[in-house]
Structure formats: C-alpha cells, structure tokens
Amino acid sequence: MTPTHPVTPNRASSSMQNPLGTRHSWSNQIAPLLAELGLLALAVGTAAGFIRLFNSWGFLSELAIPIVAPWLLALTLRRLHINLFASLAAQVLAACILLTAIFAPGSSTLWLPTPATARLLSANISDSFAAFSQLVAPVPSTPGFLFIIAVGFWLFVAFADAAAFRYDGPTQAAIPFFTTFLALGILSRDTARVGSTIYFLAGLLLYTSSQLALRASKTRWDGLPQRSATRSVACSALIIGSGALLGGSVLGPLLPGSTEAVINLRKLGKGSEPRTVVSPFVGIRSLLGERSNTELFTVRSNEAAYWRLTALEEFDPIRDIWISRGTYQRSSGELPSNLGPNVSGSTLSQEIQISGLTGLWLPGAYQPSRITSDTEVSFDRESSSIILVSTDAKARPSYKLDSLIADFSAAAQAQVGNSEKIDPVYLTQSQSPAITPELLGEITAEASTPFERALALQNWFRNEFRYDETVDFSQSADPIADFLQAEAGFCQQFSSTFALFARALGLPSRVGVGFTPGDPLQSTSEPADSGATSTKYSVRGRHAHAWPEIYFAGVGWVPFEPTPGRGDPQGTPYTGVAAAQALPPATDEVTTTLLGEGSNNTATTAPPNASSSQTAPTRTDSGPNTGTSPTETSPTSPGTVVRFALLALLSTGVLLAALVGAALVRKQIKRRRAVQQLRAKHGEERAVVDAALVEDSWNRSLLWLALIGIRPEVSETPIEFASRASAAMSAIEVSSESPESDHAAVSALAKLETARRYGSLGNCSGQGIAAQAAADSVEQLIRYSSSGRRSRSLAFVLASLK
C-alpha cells in the first residue's frame with residue numbers, strides 16, 4: 001500500500017538523496033522537447049527522400065509549412081491538455097486554410113476552401129498524373145503532386161504526434177514514414193538512391209535516440225541519476241547509430257550485389273516469364289579496343305562459319321547507338337526458327353567449349369535449330385540468339401549445337417513485301433544529313449530488286465573503303481559523315497552504316513554480333529560424332545566481328561559482309577565474298593586469312609592500313625528493357641572491392657569498439673571521482689561512503705530490472721517496488737549456467753535503500769559491501785535468465801555506458 005501521507009526525509013537523508021547536485025529539469029523538460037524535435041527530423045528526412053522522384057530541391061520549400069505547421073500545432077494543443085478530438089478538429093481546420101492558401105491561392109472565401117478550390121486542385125492533380133504517365137522519374141515537382149504529398153505529410157505528422165506522445169506508441173508513429181520510404185524505392189529508379197537513404201536513416205536515428213532518452217527520463221524516478229542516465233541513453237544511441245549509418249553509407253555501395261533488389265517486386269508472381277536483355281555492343285561512335293589474342297572459346301565443326309552471338313535491332317538516332325531488346329524463354333532441345341517456310345539448307349553440327357568468353361550470350365552458327373547443354377539456357381526467336389540462365393561470371397559451359405545453314409539463293413528473287421508486318425524498329429533511320437537520296441541512287445543505280453540493292457551496298461563499301469582500326473569518330477558531331485569522308489573504318493562502322501543505308505532504301509535491317517571462324521588447331525581433322533570429319537577452331541578476341549542482316553519476305557534475315565578483309569564462309573554462294581578473317585598479331589605483314597575447306601588455309605595481303613585485330617564484346621549484365629545503354633562498369637575487380645570493403649568494415653568495427661571502451665573507462669572514472677568527492681566532503685566518514693555504495697547498488701539493480709520490463713512507478717516506495725519485483729522475478733527461468741542467486745536480494749536491497757533515504761546517515765554504516773553483494777545477485781539472476789539473454793546483446797552495452 002502506498003502511504004496516505006508522504007514521509008518527509010530529514011536533512012541528512014536529503015543531502016544523501018542527491019549528493020552530486022543533479023537536477024531533474026533536463027529530464028522533465030529537455031527530453032520531451034528533444035523527442036518532439038526527433039519526430040520533426042523524421043518527417044523532414046522522409047520528405048528529403050522525394051528527391052528520387054523530383055528533378056530539383058524546390059519541392060522542400062513547398063512542403064515546409066505542411067510539415068512544420070501540424071507538428072507545431074499538435075505539440076501546442078497537447079501541452080495545453082486539449083483532448084484528442086478537439087485537436088483533430090483544429091488540425092483539419094488549419095490544414096484546409098493553409099493548404100488552400102499554398103496550393104490554390106485566390107480561390108478561398110474567408111480563408112476557407114470553396115468549390116472553386118476543389119476544381120482548381122482537381123485540375124492540377126489530373127494534369128500532374130497525365131504528364132506522369134509519359135515521364136520517367138525524376139520529374140518536375142508540379143502542384144498536383146505536391147498537394148497530395150502535403151496532405152499525406154499533414155496526416156502523418158498529426159497521427160505520429162498522437163501515437164508517440166498521447167498513447168505511448170513511438171513505433172506505431174514511425175510506420176507511415178517508413179512506408180513512404182519503401183514506396184519511394186518502388187516508384188523511383190536509381191537516382192539519388194544512397195542520398196535519400198541517408199536522409200531517412202538520419203531522421204530515423206534522431207527520432208529513435210530522442211525516444212529512448214524520453215523513455216529513460218520516465219523510468220528513473222529516484223533522485224541522483226536522472227540527468228546522467230537520460231543523457232547517457234541519448235549519447236549511446238547517437239554514437240552507435242551514427243557509426244552504423246556512416247559504415248552503411250560508405251561500405252554499402254561497395255559490397256557485391258548492393259545494387260540488386262532484396263525482393264524484386266517486378267517479378268513477384270510472374271514465374272518464368274521472359275526477361276529482356278539490353279546489349280549496346282555495336283555503336284557508330286565505338287572505338288576498337290586493344291588487340292586481344294586470348295582464347296575465348298573453341299568450336300569443333302565439320303565446316304567453318306561465323307559464330308553469331310546476337311543481333312542489335314534498335315537504333316537510337318539521338319545517340320547513334322545500337323541496342324538489343326530480345327525476349328528470352330528457357331529452352332532445351334529443338335529451337336524455333338524465324339526463317340521462311342520454304343527455305344532449305346543443311347545441318348551444321350558444332351561442339352562448343354567456352355573458356356575466356358564472358359557475358360550472357362552463347363556463340364553458334366546461324367540459324368540455331370537444336371541445343372544440348374550442360375547448363376540451362378534461354379532462347380530469343382526474334383534475334384535467334386542464346387543466353388545463359390545463370391549469371392555466374394565463372395561459368396564455362398560446353399554444349400552441342402545444330403544449326404541450319406540456309407540456302408539464301410531464293411533471296412535474289414525475294415521482295416521486301418507489304419504482306420508481312422515489319423516492326424518499325426527495323427526501319428528507324430539516322431538523322432545524319434550525309435545519307436542522301438542522291439548518294440543512295442548512285443550506289444544502287446543498276447539494282448532492280450531489294451536483294452540487288454543490298455548487294456550493291458555491300459560491294460560499294462568493300463570496293464571504295466578500306467579497313468582501318470585507328471580511326472576515331474568518338475568526338476564527331478556526325479560520325480556517319482566523317483566515316484564516309486574518311487572512307488576508312490572497322491567492322492562496327494561498316495556494319496552500322498550499311499544497316500542505316502539499307503533502312504533509307506526501305507530495307508529492314510539490323511546488326512549481327514559474333515566472331516569469324518577462328519584459327520584451325522589441327523591439320524588433320526578428327527571424326528565427329530556424326531561420322532563426318534571435323535576441325536577444331538580456336539576463337540580469340542581478334543576474331544570478334546559485326547555484320548549487317550537484311551530481312552526479305554518469305555526468306556528471313558540474310559547476312560551480308562561490307563567489311564573489307566572479312567568474309568563469311570557460308571555466305572560466299574550469294575554474296576560472292578570469299579571467306580577471310582584476321583591473322584595473329586605476330587605476323588610481319590598485315591594480312592587476312594582466306595579460309596578454304598577443312599583446315600587448308602592460304603594468305604593474301606590486305607589493303608594498306610588494314611589490321612588483323614578485332615575487339616571481343618565486353619560483358620553486359622541483363623536488365624529490364626529501359627531503352628538506354630547501361631553505365632560503363634568500373635575496371636576494379638570484384639576481389640579488390642571485397643578486400644577494400646572488408647578492410648573498411650574492420651576499421652569501422654575497431655573504431656566503434658574503441659568508442660565503447662572509452663565510454664566504459666569514462667564511466668569508471670566518473671564513479672571514482674564521485675566517491676572521492678563524497679569522501680572529501682564528509683571528511684572520510686565511512687557512513688558517507690557506505691551510503692553512496694547503497695545508492696549506487698540500488699540504481700544498478702533498477703537498470704538490470706528495466707531490461708526485463710520491471711520498472712518502478714512514480715508513487716511506489718522502494719519496499720513496495722521490491723515486493724512487486726520479487727513476485728515477478730520468482731517466475732524467471734534461470735539457466736543452468738547461472739551461479740547461485742537469491743530472489744530475495746532485491747528485497748534486502750530495498751530495505752537498505754529505504755534506510756538510506758529516510759533514516760539517519762548512521763543507518764548505512766557498514767552496509768555498503770552488503771548492498772553491492774545484493775546488487776550483484778540481482779544482476780546475475782537477470783543476466784542468466786531466458787528473458788535477460790534475449791535483450792542483453794545490445795542492451796548490456798547501452799546499460800554499461802550509464
């Protein structure tokens with residue numbers, strides 16, 4: 001029972017109740033104010049995250065009043081003890097007046113919204129969302145967007161204040177802001193991802209720290225340590241949270257997989273739907289990379305062919321680049337064909353082993369018809385290309401591929417045709433003024449069919465231009481015009497310009513990417529599985545190549561070869577170009593290899609300034625079809641990044657450990673100084689020291705009891721609290737690891753604390769050691785209990801800093 005009349009302590013006990021002169025004002029006044037400011041910081045941090053949606057910071061000035069006004073109004077009404085329903089009514093009235101003045105000025109009557117206000121706001125919202133359907137974030141911060149966001153923040157702040165301070169629900173108060181942060185991550189793209197996360201987490205850190213300090217200020221009801229405990233909780237939370245925030249913001253982006261979604265919401269429920277792969281390999285501005293003699297893969301086949309990776313069908317006239325938009329389905333065995341129904345041909349069997357080739361695409365002769373692989377693959381029928389399902393960069397698959405080597409002689413009589421619907425993407429033209437009707441007419445003057453026009457283009461490039469990989473059109477305002485003027489280039493320029501010329505003539509075109517046959521490894525062919533003779537080819541970086549493909553109605557996609565010094569062995573019958581490819585870079589003369597049947601090779605000198613080197617395509621990760629080329633990857637190896645990240649993580653851990661250790665040392669020094677001050681003040685009286693030890697033991701026990709949810713009420717005396725705490729502690733399950741502990745220790749300690757507070761100073765004489773023993777017993781009981789173990793991992797560190 002609580003006494004009817006409070007006991008008035010005597011002067012001696014009053015002096016011992018607060019020997020260090022601590023005041024309660026900081027806990028009673030500053031801690032609640034800091035908690036309210038922490039809520040405002042959480043709202044502002046969440047609002048700053050909208051930079052992911054908007055293209056400038058101007059939106060913050062528009063949202064300042066809708067965030068600060070409800071916060072200030074809520075705390076004012078709460079401190080005036082206005083009930084919740086009256087406060088909500090005031091919030092609604094203030095929102096109507098202020099939001100109307102901000103987002104619909106001039107439409108109000110006596111500061112209140114009117115039907116004209118509703119019409120104006122509705123029109124602004126409709127205009128904003130109509131434009132949003134055609135834009136990609138970040139977008140301009142239009143009034144319609146800002147009005148909806150302002151209403152949301154007004155509701156969030158009003159709700160959070162009531163939940164956190166009226167109903168003691170700080171976790172529930174943060175839910176709207178956390179949900180908003182997650183929604184921003186879903187709606188927006190990669191812009192300002194790290195920055196917006198730091199803004200939100202910084203606000204959340206301030207809010208959490210201030211709420212912990214507020215809770216600590218309410219928990220400690222006795223005299224001495226209110227200010228110290230509250231401040232220590234706030235400082236400890238800020239130190240640990242700041243370290244975690246700093247470490248996450250610095251180390252997080254460096255870790256492998258940091259840019260991948262934890263849960264890809266766009267794929268939920270979609271099963272094995274096709275994925276889209278973007279590949280900006282061939283561009284008119286591209287430069288040929290370094291000469292490479294590294295083996296990428298080997299092919300065993302009875303005939304040489306171009307080993308094709310994929311086709312780039314989409315031309316971006318603004319950036320003068322080619323990209324791919326293949327839709328891939330998991331496949332095995334028979335592969336669908338996009339050749340015409342009447343196209344015939346022979347089957348070419350290949351055994352392919354990948355060695356140094358990176359990337360998703362698997363090479364093979366065109367048109368692939370059947371695959372047997374030791375790993376899962378996907379196939380895109382439109383581009384007739386195969387990719388790996390696995391994204392493991394270390395994968396070195398081997399597979400058997402059958403390809404239909406089509407007889408394209410029927411293409412000579414084929415028409416482009418209007419009966420077949422052609423995707424406009426294959427007809428998108430360049431904006432270069434260098435492609436003129438006069439030039440095209442001159443090139444195709446003697447051609448009467450689509451096939452003859454394509455053949456005329458091929459021969460014009462091969463006869464009038466030369467192969468030169470030293471050209472550099474990367475800084476050119478019109479690379480096509482400069483290429484035509486220089487009359488020199490490498491495979492990317494030839495294939496890309498040919499395809500654009502063909503589109504200007506009305507011929508659907510795209511650019512194929514792959515490799516020439518490679519170097520034959522054996523002079524004597526070995527039997528293949530089919531019983532026919534075969535040759536093993538070593539395909540290296542210098543064999544990388546690009547060529548154009550033209551679509552003919554009823555036939556399909558037909559490859560051509562405009563690049564001088566190169567020739568497709570399977571295209572000779574209809575293009576008239578002999579098979580040829582690059583020689584190894586060690587050759588004294590710059591030559592090209594003419595590939596005959598089997599392994600017999602002859603060499604012929606290429607045109608002047610020709611080179612034998614080509615560039616292997618670099619790895620491009622798969623991703624959604626955004627219509628843009630991905631950002632160039634850093635040359636830093638993954639191993640270097642991981643080592644740096646681990647080193648930085650270790651350094652951060654050492655720093656945090658040093659901070660915690662310093663805080664522990666500082667705590668011990670403060671305790672020793674307190675005892676020394678007490679001894680100096682009371683002339684080495686043993687009773688003073690014992691009284692301080694009793695008080696310290698009692699406060700330490702309260703901290704440990706608080707970890708398992710046992711906290712004193714303001715009106716309870718130590719004896720009353722000990723009675724309730726002992727009953728609760730009797731139900732605690734103690735681990736077998738626990739040393740002997742006494743459930744009655746808290747009762748004994750409460751008697752000593754009561755004697756210290758309300759008795760004379762002499763009552764504590766000789767009781768200091770007993771009080772410390774009782775506090776140790778309480779600590780051991782809670783430390784080895786099942787309830788204490790669950791929460792002490794972080795709470796013990798926090799408690800040790802007090």
Exercise for the section: Scan region 461-483 for residues that are farther than 14 Å from Ala434 by Cβ and without any contact (Cβ under 8 Å) to a residue 40 or more places away in the chain and report the count. Expected result: 4
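Quick test for you: out of Val425, Val416, pick the one residue that is in contact with a helix residue (DSSP H, G or I) (Cβ under 7 Å, 6 or more places away or on another chain), at pLDDT below 90 and of a type in the set (Val, Ile, Thr). Steps first, please.
Working: Val425 fails: in contact with a helix residue (DSSP H, G or I) (Cβ under 7 Å, 6 or more places away or on another chain).
Going through Val425, Val416 in turn, just one is in contact with a helix residue (DSSP H, G or I) (Cβ under 7 Å, 6 or more places away or on another chain), at pLDDT below 90 and of a type in the set (Val, Ile, Thr): Val416.
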Problem - Residues being touching a helix residue (DSSP H, G or I) at 6+ places or on another chain (Cβ under 6 Å) and touching a residue at least 40 places away in the same chain (Cβ under 8 Å) - total across region 441-453 - result: 3
Problem - Total residues in region 579-593, condition in a loop (DSSP other than H, G, I, E, B), buried (at least 17 other Cβ atoms within 10 Å of the Cβ) and modelled with pLDDT under 75 - result: 1
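From the list Ala86, Ala31, Ala90, exactly one residue is assigned to a helix (DSSP H, G or I) and surrounded by 20 or more Cβ atoms within 10 Å (Cβ to Cβ). Which is it? It would help to see each step written out before you state the result.
On the way: Ala86 fails: surrounded by 20 or more Cβ atoms within 10 Å (Cβ to Cβ); Ala90 fails: surrounded by 20 or more Cβ atoms within 10 Å (Cβ to Cβ).
Every option except Ala31 fails the conditions.
Here's the yes/no breakdown for (1) hydrophobic (A, V, I, L, M, F, W, C); (2) touching a Leu at 6+ places or on another chain (Cβ under 9 Å):
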{"position": "Thr470", "(1), (2)": "no, yes"}
{"position": "Asp482", "(1), (2)": "no, no"}
{"position": "Cys491", "(1), (2)": "yes, yes"}
{"position": "Thr497", "(1), (2)": "no, yes"}
{"position": "Phe501", "(1), (2)": "yes, yes"}
{"position": "Gly506", "(1), (2)": "no, yes"}
{"position": "Pro517", "(1), (2)": "no, yes"}
Exercise for the section: For Leu187, state whether it is on the phi < 0 side of the Ramachandran plot, modelled with pLDDT of 75 or more and assigned by TED's automatic domain parsing to the domain that holds Phe59. Expected result: no
Practice task
Determine if region 479-491 includes at least one residue that is within 27 Å of Leu339 (Cα to Cα) and either at pLDDT below 90 or small (Gly, Ala, Ser) (or both).
Solution key: yes
Handout entry: Gly576 vs. criteria of a type in the set (Gly, Ala, Ser), closer than 23 Å to Ser383 by Cβ and surrounded by fewer than 24 Cβ atoms within 10 Å (Cβ to Cβ)
Key = no
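The values are calculated or read from the model by the stated rules, or taken from the named source; none is laboratory data. As the structure is a computational prediction, the values presented were derived from the model and not from experiment. Backbone-built Cβ (ideal geometry, glycine too); neighbour counts: all protein chains shown.
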